[in-house]
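**Q** Quick one: the structure is below, questions incoming.
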Amino acid sequence: MMSDDEQLASLGKALAPVDVDEHVSQQIARRARVDLGRGPSRARLVLPIAAIALVTSYLAWTIAKLIELLG
């Protein structure tokens, strides 16, 4: 049975060669190193917070209408 490293090496041989010039590949590597280990940006929290606020306001409106209907 082949180890994971051996399987990865055999699969890598079948891949097409990268056709990115040296300058572009260095830019990609530099940008990747800057982002490495930083985690997700705080801007990604905006959408979930907005969704929670919308759902909470809709739930509060629904509860208020139910109380109005029953009261």
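**Q** Among MET1, TRP61, LEU15, which residue has its Cα furthest toward the positive end of the charge dipole of the chain, with +1 on Lys/Arg Cβ and -1 on Asp/Glu Cβ?
**A** TRP61
**Q** With axes computed from alpha carbons, what is the tilt in degrees of helix 4-13 against the longest principal axis of the chain, rounded to the nearest 10 within 0 to 90?
**A** Between helix and principal axis, roughly 70 degrees.
**Q** In addition: Evaluate the Debye formula for the chain with equal point scatterers sitting on the alpha carbons, no solvent, and hand back log10 of I(q)/I(0) at q = 0.24 Å⁻¹, in q order, two decimals.
**A** Normalising to I(0) and taking log10 leaves -1.03.
**Q** Multiplying the sequence separation of ARG33 and SER10 by 0.36 nm and subtracting their Cα-Cα distance, what value in nm do you get?
**A** Between ARG33 and SER10, full extension yields an extra 5.6 nm.
**Q** Using 0.36 nm per residue, how much length does the chain from SER25 to ALA64 gain when fully extended, once their Cα-Cα distance is taken away?
**A** Gain in length upon complete extension: 8.2 nm.
Read-outs throughout are calculated quantities, based only on the coordinates presented, and are distinct from any laboratory measurement. Being a predicted model, the structure only gives us computed values, none of them experimental. Cβ sites come from the backbone with ideal geometry, for glycine too, and all protein chains shown count toward neighbours.
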